[in-house]
Amino acid sequence: MTIALETLIAKPCSRKPSAPLVNFQGKTWSAEELESLSTFLAKNLAKDGVEVMDRVAILLTNRPETVLTYLACFKGGYVLVPLDYRHQGSQLKYAVSHSGATVLIVHRDRYQELEDEGILGLVNRVYVVGDPAASTATSFDGLLAPQNHGTLTDRFESDQLCLMIYTSGTTSRPKGVTFTRGAIEEGIHKYLARVPITDQDCGLIAAPITRPMALRSQLLPLLAAGGCACLIESFDSHQYIAALKESPPKTVLALLPAAWSQVLRHPDVEQVDFQGLRLALTGGDATPINVHREFTRITGHELTEQYGSSEVGPIAINPPFGRKKPGSVGLPMYGAQVMIVDDDDMDLPSGATGKIVIRSQYSMDGYWNDTALTRKTIFNGTIRTGDLGRFDEDGYLWFMGRNRDLIIRGGSNISPFEVELVIKTHDAVLDACVVGVSHSELGQTVEAFIQLKPGSVVTSEELKAYLASHLAAYMVPEKIHLVDELPLKGAGKIDRDKLRMRAETQVYDL
């Protein structure tokens with residue numbers, strides 16, 4: 001099966017032109033409609049001066065306009081920069097500026113916020129989804145008009161950049177993870193070879209399609225196969241249950257473990273008919289065994305756990321229709337060579353825990369404008385994930401933790417450094433350290449230790465309110481500890497391990 005991004009839905013369009021490819025809020029878009037509208041969009045962007053390799057940033061939820069923009073950027077050779085809708089203005093400003101985006105497509109609900117933050121002035125053109133929030137704003141709908149005069153390129157190279165996803169790191173601001181057309185195409189091809197999605201499938205997508213998991217494991221494979229992508233703007237257990245009850249029947253599901261926990265606890269979940277379900281995926285974080293058991297009890301099916309990263313994409317998966325080992329992340333994906341190595345990069349035998357290193361045909365090209373970090377992460381053609389794992393005697397991979405300080409709360413990456421930077425902007429704060437703490441459902445929660453400036457007075461609740469206005473909600477610490485001083489080690493560095501131990505044991509006078 002040959003896949004080219006510029007003709008991603010051409011085959012579904014030729015086979016079943018009237019078949020629905022997208023379902024949103026009770027309305028459907030056929031393959032033929034999506035093909036035509038995305039072509040108009042690509043040509044109108046070209047008419048407005050967007051050129052091959054220009055960065056097009058989008059701040060949208062799971063909507064048809066988001067899907068159309070993906071398809072249009074693939075057709076026009078533009079580099080799509082999907083922004084995290086949960087982020088606050090100050091966080092978005094960095095990504096837009098760092099990426100060098102010349103175009104921004106934004107939902108009207110966020111327009112004023114971005115204008116106040118000075119983001120709109122960073123780009124040449126702004127298009128608004130929904131009724132324009134200001135008289136000077138340009139409506140996105142105008143880009144879908146058939147009266148276009150722009151010309152699209154007909155030359156595409158496999159090493160041409162097409163996607164830049166900003167992801168949180170541990171010691172720096174968000175990083176722009178770049179992918180070539182060849183990597184994304186190969187990722188779709190290999191995923192469909194391992195996870196046989198067909199044009200008979202209907203997938204319910206509630207995780208953000210602007211983030212790697214839902215994009216590369218759900219949306220793009222479904223579109224390429226000609227299945228129907230039913231979109232929910234953002235995850236809500238009530239909406240998810242309601243969507244499961246509605247037609248068409250959903251055959252492919254995928255959620256983060258924390259979201260599955262909410263769905264399985266919903267009072268109406270036992271009223272859902274799961275007879276048509278073929279495949280239910282989970283990933284993004286470790287899935288508790290009780291979630292596996294409860295899912296099987298309620299639905300009569302098994303959860304299929306998978307493992308991946310922003311830099312690589314899908315890395316391993318339990319056999320979708322074969323022997324699963326709940327708790328493991330399964331067997332390596334097609335196209336991904338998974339190695340467990342020691343600190344000297346020597347292969348370890350099965351049963352031994354070591355660093356997870358990946359060689360993949362569909363991994364990232366590098367970090368945008370960060371050669372040093374790219375070289376540190378990509379070594380001899382392999383990706384250093386920063387994760388720990390082991391293989392068992394059957395070749396199944398078991399995730400054993402993270403060899404870094406990245407906090408993963410409910411499947412969302414949180415950079416301690418990024419949260420600390422915002423904390424330190426408060427006038428009363430002298431220094432801060434943020435750590436992740438184990439949690440039975442979310443995987444980890446966030447706690448902050450803050451040292452105030454001498455003579456300053458501020459409460460933990462006031463600091464939380466301040467952070468809530470500057471950070472996405474999932475990044476705001478659940479607990480804030482005001483301390484007289486932060487413990488130091490070595491050359492005056494904060495002893496993060498000691499603070500993490502205090503938080504884990506809840507013994508704060510260690």
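For Met333, the amide hydrogen comes within under 5 Å of the amide hydrogens of Ala316, Ile317, counting only partners 5 or more places away or on other chains and with H modelled in the peptide plane.
Computed from the C-alpha gyration tensor, the three semi-axes of the ellipsoid equivalent to the stretch 42-92 are 21, 13, 8 Å, from longest to shortest. Given the stretch 331-382, what whole percent of its Cα pairs are spread farther than 16 Å? Pairs farther apart than 16 Å: 48 percent.
Residues of the stretch 71-91 with an amide N closer than 16 Å to a point placed 7 Å from the Cα of Asp154 along the Cα-to-Cβ direction: 75-77. Annotation: amide H of Tyr166 within the under-5 Å range of Val177, sequence separation 5 or more or interchain, hydrogens built in the peptide plane.
Taking the square roots of 5 times each eigenvalue of the Cα gyration tensor of the stretch 1-232, largest first, gives ellipsoid semi-axes of 26, 20, 18 Å. Mean projected area of the Cα convex hull of the stretch 179-334, taken over all directions, amounts to 8.2 nm². In terms of surrounding Cβ atoms within a 10 Å radius of their Cβ, Leu114, Leu21 rank from fewest to most as Leu114, Leu21. Remark: C-alpha extents of the chain on the principal axes read 67, 57, 51 Å, sorted largest to smallest. Applying a DSSP loop filter and a limit of 12 other Cβ atoms within 10 Å to the GluC sites (Glu not before Pro) in the stretch 71-180 leaves Glu157. In the chain, helical runs assigned H by DSSP with n ≥ 4 each contribute -39500 (n - 2.57); averaged across all residues and rounded to the nearest 500, the mean residue ellipticity at 222 nm is -8000 deg cm²/dmol. Of the GluC sites (Glu not before Pro) found in the stretch 177-278, those in coil by DSSP whose Cβ has at most 13 other Cβ atoms within 10 Å are Glu246. For the stretch 90-199, the alpha carbon convex hull comes to 191 Å³ per residue, rounded to a whole number.
The residue among Leu215, Val129, Leu8 whose Cα reaches farthest toward the positive pole of the charge dipole of the stretch 1-232, with charges on the beta-carbon of Lys, Arg, Asp and Glu, is Leu215. Model label sites at Gln271 and Ala4, defined 7 Å from Cα along the beta-carbon direction, differ in position by 4.9 nm. In summary, the aspartates and glutamates within cross-link reach of Lys245, defined as a Cα separation below 15 angstrom excluding same-chain residues under 8 places away, comprise Asp236, Asp268, Glu270, Asp273. A full extension of the chain between Arg404 and Met501 corresponds to an added length of 33.4 nm, given 0.36 nm per residue minus the alpha carbon distance. From least to most packed, judged by other beta carbons within 10 angstrom and beginning with the fewest, Cys202, Cys162 follow the order Cys202, Cys162.
In a simple Cβ point-charge model (Lys, Arg +1; Asp, Glu -1; nothing else charged), the chain has a dipole of about 620 debye relative to its Cα centre.
Looking at the stretch 428-510, the chymotrypsin sites (Phe, Trp or Tyr not before Pro) that sit in a DSSP loop and have at most 13 other Cβ atoms within 10 Å of their own Cβ are Tyr508.
As a ratio to 2.2 N^0.38 Å, the alpha-carbon radius of gyration for the stretch 407-505 is 1.03.
Counted over the stretch 407-505, the DSSP beta bridges are approximately 75% antiparallel. Residue order for His189, His439, fewest other beta carbons within 10 angstrom first, comes to His439, His189.
Partner aspartates and glutamates whose Cα lies under 14 Å from the Cα of Lys376, excluding those fewer than 8 positions away in the same chain, are identified as Glu311, Asp345, Asp365.
Of the cross-linked pairs Lys75/Lys250; Lys190/Lys498; Lys190/Lys479, those separated by over 32 Å at the C-alpha level are Lys190/Lys498; Lys190/Lys479. For the stretch 322-463, the Cα-based Rg and Dmax, in that order, read 19.4, 63 Å. Each distinct pair of alpha carbons in the stretch 415-459 adds a 1/r term; the inverse of their mean, the Kirkwood radius, is 11.4 Å.
All of the numbers you see were taken from the coordinates with simple rules; none came from a lab. Keep in mind the model is a prediction, meaning the values are calculated, not measured. Here Cβ is always computed from backbone atoms with ideal geometry, including for glycine, and neighbour counts include all displayed protein chains.
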